[in-house]
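Notes follow once the structure below has been shown.
The values are calculated or read from the model by the stated rules, or taken from the named source; none is laboratory data. Everything quoted here is computed from the prediction, not taken from an experiment. Please note: Cβ atoms are built from the backbone with ideal geometry, for glycine as well, and neighbour counts cover all protein chains shown. Ligands, DNA and RNA are excluded from the accessible area calculation, which covers all protein heavy atoms including side chains. Shrake-Rupley method; radii C 1.70, N 1.55, O 1.52, S 1.80 Å.
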4 protein chains.
Amino acid sequence: MSSSFGSLLTITTFGESHGPAVGVILDGCPPGIAVSAALVQLDLDRRRPGQSAVTTQRAEADEAEILSGVFEGVTTGAPIAVIVRSVDARPQDYANLKDLFRPGHADYTYWKKYGVRDHRGSGRASGRETVGRVAAGAIARAILAGAGARVRAYTVQVGDLVATGRDLDYAEANPVRCPDREKAPLMERAIHAARDAGDSLGGVVEILATGVPAGLGDPVMDKLDASLAAGLMSIGAVKGFEVGEGFASARLRGSEMNDRMSRRGFETNHAGGILGGISTGEPIVARIAVKPPSSIAIPQRTVDRRGEEREFRIEGRHDPCLCPRVVPVAEAMTCLTLAGALLRQRAIEGFRPRTDP
Amino acid sequence: MSSSFGSLLTITTFGESHGPAVGVILDGCPPGIAVSAALVQLDLDRRRPGQSAVTTQRAEADEAEILSGVFEGVTTGAPIAVIVRSVDARPQDYANLKDLFRPGHADYTYWKKYGVRDHRGSGRASGRETVGRVAAGAIARAILAGAGARVRAYTVQVGDLVATGRDLDYAEANPVRCPDREKAPLMERAIHAARDAGDSLGGVVEILATGVPAGLGDPVMDKLDASLAAGLMSIGAVKGFEVGEGFASARLRGSEMNDRMSRRGFETNHAGGILGGISTGEPIVARIAVKPPSSIAIPQRTVDRRGEEREFRIEGRHDPCLCPRVVPVAEAMTCLTLAGALLRQRAIEGFRPRTDP
Amino acid sequence: MSSSFGSLLTITTFGESHGPAVGVILDGCPPGIAVSAALVQLDLDRRRPGQSAVTTQRAEADEAEILSGVFEGVTTGAPIAVIVRSVDARPQDYANLKDLFRPGHADYTYWKKYGVRDHRGSGRASGRETVGRVAAGAIARAILAGAGARVRAYTVQVGDLVATGRDLDYAEANPVRCPDREKAPLMERAIHAARDAGDSLGGVVEILATGVPAGLGDPVMDKLDASLAAGLMSIGAVKGFEVGEGFASARLRGSEMNDRMSRRGFETNHAGGILGGISTGEPIVARIAVKPPSSIAIPQRTVDRRGEEREFRIEGRHDPCLCPRVVPVAEAMTCLTLAGALLRQRAIEGFRPRTDP
Amino acid sequence: MSSSFGSLLTITTFGESHGPAVGVILDGCPPGIAVSAALVQLDLDRRRPGQSAVTTQRAEADEAEILSGVFEGVTTGAPIAVIVRSVDARPQDYANLKDLFRPGHADYTYWKKYGVRDHRGSGRASGRETVGRVAAGAIARAILAGAGARVRAYTVQVGDLVATGRDLDYAEANPVRCPDREKAPLMERAIHAARDAGDSLGGVVEILATGVPAGLGDPVMDKLDASLAAGLMSIGAVKGFEVGEGFASARLRGSEMNDRMSRRGFETNHAGGILGGISTGEPIVARIAVKPPSSIAIPQRTVDRRGEEREFRIEGRHDPCLCPRVVPVAEAMTCLTLAGALLRQRAIEGFRPRTDP
């Protein structure tokens, strides 16, 4: 289904950039999980625009309201609906783009698919849709926390700058969300420079899930890494996904790639925590490629609905690099995938013959 | 569901490496598609082991039998079951690996997940499972052909060797399935050398879909690229997926990445034929990273079910590089994804207001 | 998924009886359907309590707000979220029932399933959940109208009183929603008498879908009647479903049951418009059994969470017979089922060889 | 999906009446369940035609072969494929019916839906499709047995004859599968008489599930009774479903219908073991209406594909009353539904706060 993700634990998001509200229904959440609007707000605040000079300067409060599924502070097993009202909608900003197909955006493809589209601020294709993902992800994060698992994401590349350090606390303390103390300021400067030039920068976000028990993920079609790929590739602007060594594994030999096991467990983690589509118990490590934002201030040429060529310039407040804002969304999709896999595994655990000596 | 892929057009595969048969049910196939066992066999023969010196020397006839859903040469709309009987099963080859967790394989994770496993030739985690995918993919290919679309895949990297040429007819004429006339022989030599050293090589496979109409793919969660990622990442040994510029887009600026439109249509295709999760009408271009096969002849150390460390050596006939054999499987998953998206789009086309002037 | 219905056209409802709001996301709606809050309100007003003396006297405005998926008066293909805020919530009415398992209600089973429950006004198990179904059903009704199909439901039995007339315009003009001009006033009187006695009455609602084209419904598992059964049995208090002759067919002989075809088409419609799970083009006729409401004023004995036996009396405003209020919900579930089947059929129509001479 | 049933535990069946084989894939089966071809055969033999004079005299061995998912006597968690080869196919019996739309059959509707059909012995619409359901149901039965639950079905009505006794052991000992020692022989005689008259009889089958723990079934859309209805209504010839008092509840008052709870538990079971869509722990009791078989020897009039009216007579071996053969299929669909619900409940049990004092 177009706007749903997950099977046993499912989100369905709704909302357009400039509609009255965006939101989500999280269905299949187990009962007894402590959830509050404040908990959801924590993650929404991390996604919110206007947090720093490297992101869009739109001011959106993004205040979450939980409409259902939580009673006396805990989930009841009923679907949890969360909505966020729009307050800073300025549809007039987009009137001049009504008939244009902006390069890099989904204007043309929505038009070809549906024959009608809400053109205001990318409509349904807006990054604002991720509000619902992040709200639901906060609850999935709480489910995982109960099982001892934790998910974090952070920027590891902006343009040509590649982070090597992994100081994860620092990542949340700088506007680029980069865990490398040396590279973070350089990345920040590069983003400012691109924005000043009316241009934008791509990058890479890494996702790290620790404390994930072995055995999660269904083999064959619902491989854990295939599900992660589906979830993360469904985030706008993401053009690639890799797990463990990823594309680098193309250059490795089997003797280098194989993770040897000893009495102490796995001695390396080239696999990135997943073998045969099932978690190994090692940290899950994945990366996604984030393209440079399509909304740039440099004048561009394109065509309109009648096929006429026109030059235009995108006005308004846009992210010069999406990585810092993709971070909480990537965490959300990872949390939802892992929590769903955890629930599926719970379904069969009682049947599993004892595995250990 | 663990062994199913797709929603409107769905495959469910079954079978273990050394069980009596492997196969697939393709459900949701529209009626009136000309299908025969011979058509299915064409693709199965491309997947079959033992085709050349760079793949495993196991001799499997892999003869397809269609059990249902085809009547008087055309599909009827009923589910199409295809099975392939096993003929070259040699379970005794694996007796010594019964209790071992082979590095790089799914032995340990199946054990942790299910507490029981069919250890013979990787059991359910075997590449032999892809027989069902390829059989169903041949039918999806026929559906796409009716709409003018064509899907091809080919090896573009083996180890450090990267293809630049794209002579697609040549790709099917050399054992590496590489479309670069200069690099193909070098890749072949590299694979032989790795095998002679008891080792294996990784690589990259590219997928190209031409003639795909604009408008396929559901935005948001079922983005066409997210679905392709899910399908392709569900193939064993695949560690990464990218579309269009993919990970290279991290180094691009918006002004470089955006595909400008003129009266003649898109002037470039950095997006890889998909914008906002919907096909643009341009060729869809994706790549997958294929890890080096885990089954190598070099002695390795690992642990057994009791946690005891043991050295072992994998005997038998194994692929030194998976790329040539991943090619038809990648095509199958791409065909199934695109044909499913085509069906979904047909469902709404009648409702779509006219899009063109 | 617990709160979702449908595959290609899907609703997901949320909300508890005394939570801040109830609502629905309708996903998969084709573009270009004229939809407005007023259109949705029409059906919601028919579902609303307090419409007559035979239904509960709670006054709920049930004002629908469309949050997404509609732009400039038509659907865009994006998910349509509709919410209805609660205004007449009186949770204090239920404080004394907090720990009790009311007979006939889902109190005990939610408790056993989840170990926690929102006890206020039946919580998630409340009939108020159907607000979302009816809102989405109004849009499905509009999809069907475009294909020339129309769905109506009406009360054909209350207690021992069985309607024989089928004056469908009259059905909407009397509080019982009964299409029999003689029986309707008797039913009304019977309902008043039961309420005055502190008791309640069961009944039967019939559903009639006309103008449904032949060919809808997938055979085997997703038979059109099986899908209708699933949708209608998911309405609270519904204890039975039948199509065409239904349970009466048990007493018929094949020679009586078979619908003969002549040049003019089907000569009878014992099948109720569905053969082999696929619509015949004849009117679809189904009936559902509606149990007497469990909330009665007569004092009852039951147990509480600690297993202690207690006598209690349900206070407040309750429906003495659910049939009139089930009518719009039954229509909604039927519209959603048929519109979904219509979309699925559209997906394959282009492939279908010509069927007529 | 057309040929799939269930979500966490899923079957997908395939096969036409006169194709080379029919079968099923059961996916999502937990590991460690003892399963063998002999176990599956037990239920298949109960479904098999030719068991007595009241069923069709076709002789089908219906020998099950398990192709996957079972290793060393237990399930592995992998999909279980079971096929049954056709041996008594006589397609020539049907040549004269090639262009006819037989009354009561799905000939016309398949034609309208797909524009092409396998006309031999009803093709995909044949009762032979249920072989796959019964094979998978046998495994679901084993899953339930491990949880202490047991499912039985039996004929409680044939034509006007209604069983009152419930001697379930006797039900399996007489050809009608009726648990009433007095009515069974009368039913048998009535069936013979109908067949001798070239006609057929309808009936009612009751399903009883005992030992089902409280808490199974998802409320709202996936109510346990809605899922049972979907599964049972998907069996060919079934025209109605009811649970507990079913249609009789229309005549009851709330004070009669409500099941009072005391310290000993529920004192009655008018609900039929399900409240709010969730099992109560009491026996689940449901009934299905089975129409008289459409294949009767009496000459009938109908039309052919060109719309020409023609008289015809169905030759061959057909069931004069379907109830005895529906019994094992109804059990299978019930077992699959309950086992799936059991797995879903296992997924959330670990999260459930303690429910008992």
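Being among the acidic types (Asp, Glu), in contact (Cβ under 8 Å) with a residue 24 or more places away in the chain and more than 8 Å from chain A (Cβ to nearest Cβ) is a property that holds for B:GLU206. For region D:270-319, a residue qualifies if it is touching a Leu at 6+ places or on another chain (Cβ under 7 Å) and on the phi > 0 side of the Ramachandran plot, and exactly one does: D:GLY277. Got at least one residue in region D:68-79 being open to solvent by 10 Å² or more (accessible area, probe 1.4 Å), farther than 30 Å from B:ASP107 by Cα and touching a helix residue (DSSP H, G or I) at 6+ places or on another chain (Cβ under 9 Å)? Checking region D:68-79: not a single residue is open to solvent by 10 Å² or more (accessible area, probe 1.4 Å), farther than 30 Å from B:ASP107 by Cα and touching a helix residue (DSSP H, G or I) at 6+ places or on another chain (Cβ under 9 Å).
Residue by residue through region A:172-203, note down the ones that are among the hydrophobic types (A, V, I, L, M, F, W, C) and either at the interface with another protein chain (Cβ under 10 Å from one of its Cβ atoms) or closer than 25 Å to B:MET257 by Cβ (or both).
First pass over region A:172-203, keeping only residues among the hydrophobic types (A, V, I, L, M, F, W, C): A:173, A:176, A:178, A:184, A:186-187, A:190-191, A:193-194, A:197, A:201.
Selection gives A:VAL176, A:CYS178, A:ALA184, A:LEU186, A:MET187, A:ALA190, A:ILE191, A:ALA193, A:ALA194, A:ALA197, A:LEU201.
Could you check how many residues of region C:24-50 are assigned to a loop (DSSP other than H, G, I, E, B) and surrounded by fewer than 19 Cβ atoms within 10 Å (Cβ to Cβ)? Spell out the reasoning first.
Step one: list which residues in region C:24-50 are assigned to a loop (DSSP other than H, G, I, E, B), which gives C:28-33, C:35-36, C:48-50.
Filter once more, keeping what is surrounded by fewer than 19 Cβ atoms within 10 Å (Cβ to Cβ): C:36, C:50.
The number of residues fulfilling the criteria is 2.
Residues in region D:140-152 that are under 15 Å from the mean Cα position of the chain (by Cα) and among the hydrophobic types (A, V, I, L, M, F, W, C): D:ALA140, D:VAL151.
Before we move on, is C:GLU331 open to solvent by 20 Å² or more (accessible area, probe 1.4 Å), out of contact with any Phe, Trp or Tyr (no Cβ under 9 Å at 6 or more places or on another chain) and part of a helix (DSSP H, G or I)?
Values: open to solvent by 20 Å² or more (accessible area, probe 1.4 Å): no; out of contact with any Phe, Trp or Tyr (no Cβ under 9 Å at 6 or more places or on another chain): yes; part of a helix (DSSP H, G or I): yes.
Against the criterion (open to solvent by 20 Å² or more (accessible area, probe 1.4 Å), out of contact with any Phe, Trp or Tyr (no Cβ under 9 Å at 6 or more places or on another chain) and part of a helix (DSSP H, G or I)), C:GLU331 does not qualify.
Selection of region D:7-24 for residues being within 12 Å of chain A (Cβ to nearest Cβ) and either of a type in the set (Asp, Glu) or under 14 Å from D:GLY137 (Cα atoms) (or both) yields D:LEU9, D:THR10.
For region D:207-234, a residue qualifies if it is open to solvent by less than 10 Å² (accessible area, probe 1.4 Å) and over 21 Å from A:ASP27 (Cα atoms), and the qualifying residues are D:ILE207, D:ALA209, D:VAL212, D:LEU228, D:ALA229, D:GLY231, D:LEU232, D:MET233, D:SER234.
Within region D:213-232, is even one residue more than 30 Å from C:ARG128 (Cβ to Cβ), under 20 Å from the mean Cα position of the chain (by Cα) and in a loop (DSSP other than H, G, I, E, B)?
Looking for residues that are more than 30 Å from C:ARG128 (Cβ to Cβ), under 20 Å from the mean Cα position of the chain (by Cα) and in a loop (DSSP other than H, G, I, E, B), one finds none in region D:213-232, hence no.
In region C:249-272, the residues that are touching a residue at least 40 places away in the same chain (Cβ under 8 Å) form Cβ pairs under 6 Å with partners that are surrounded by 16 or more Cβ atoms within 10 Å (Cβ to Cβ), at six or more places apart or across chains, as follows: C:GLY272/C:VAL243; C:GLY272/C:GLY244; C:GLY272/C:VAL285. Within region B:201-212, the set of residues being of a type outside the set (A, V, I, L, M) and within 11 Å of the chain's Cα centre (by Cα) comprises just one member, B:GLU206. Looking only at residues of region B:273-296 that are of a type in the set (D, E, K, R) and assigned to a loop (DSSP other than H, G, I, E, B), we find that the one that is nearest to the other protein chains (Cβ to nearest Cβ) is B:LYS291.
Only one of the numbered conditions (1) more than 20 Å from the chain's Cα centre (by Cα); (2) open to solvent by less than 20 Å² (accessible area, probe 1.4 Å); (3) more than 7 Å from chain B (Cβ to nearest Cβ) is not met by A:ALA248, and that is (2).
Residues that are part of a loop (DSSP other than H, G, I, E, B) and under 30 Å from C:TYR110 (Cα atoms): does region D:336-350 have at least one? Yes, region D:336-350 contains a residue that is part of a loop (DSSP other than H, G, I, E, B) and under 30 Å from C:TYR110 (Cα atoms).
Can you say whether C:GLU242 is facing chain D (nearest Cβ under 7 Å), within 21 Å of C:VAL329 (Cα to Cα) and either touching a Gly at 6+ places or on another chain (Cβ under 7 Å) or open to solvent by 10 Å² or more (accessible area, probe 1.4 Å) (or both), as far as the supplied structure shows? Reasoning before the result, please.
Working: facing chain D (nearest Cβ under 7 Å): yes; within 21 Å of C:VAL329 (Cα to Cα): yes; either touching a Gly at 6+ places or on another chain (Cβ under 7 Å) or open to solvent by 10 Å² or more (accessible area, probe 1.4 Å) (or both): yes.
Yes: the conditions hold for C:GLU242.
Of the residues A:HIS318, A:HIS270, only one is more than 7 Å from chain B (Cβ to nearest Cβ), under 30 Å from B:LEU201 (Cα atoms) and buried (at least 18 other Cβ atoms within 10 Å of the Cβ); which? Break it down into steps so the answer makes sense when it comes.
Details: A:HIS318 fails: under 30 Å from B:LEU201 (Cα atoms).
Answer to the selection: A:HIS270.
Just one of the numbered conditions (1) in contact with a helix residue (DSSP H, G or I) (Cβ under 9 Å, 6 or more places away or on another chain); (2) open to solvent by 30 Å² or more (accessible area, probe 1.4 Å) is not true of C:SER255: (1). Can A:GLU311 be described as part of a helix (DSSP H, G or I), open to solvent by 30 Å² or more (accessible area, probe 1.4 Å) and either of a type in the set (Gly, Ala, Ser) or more than 7 Å from chain B (Cβ to nearest Cβ) (or both)? Considered against the rule, which asks whether it is part of a helix (DSSP H, G or I), open to solvent by 30 Å² or more (accessible area, probe 1.4 Å) and either of a type in the set (Gly, Ala, Ser) or more than 7 Å from chain B (Cβ to nearest Cβ) (or both), A:GLU311 comes out as no. Might you let me know whether region B:44-54 holds any residue that is at pLDDT 95 or above and farther than 30 Å from B:SER295 by Cβ? There is no residue in region B:44-54 that is at pLDDT 95 or above and farther than 30 Å from B:SER295 by Cβ. Whether a residue is open to solvent by less than 10 Å² (accessible area, probe 1.4 Å), at pLDDT 95 or above and either in contact with a helix residue (DSSP H, G or I) (Cβ under 8 Å, 6 or more places away or on another chain) or not aliphatic (A, V, I, L, M) (or both) was assessed, and B:ILE11 passes this test.
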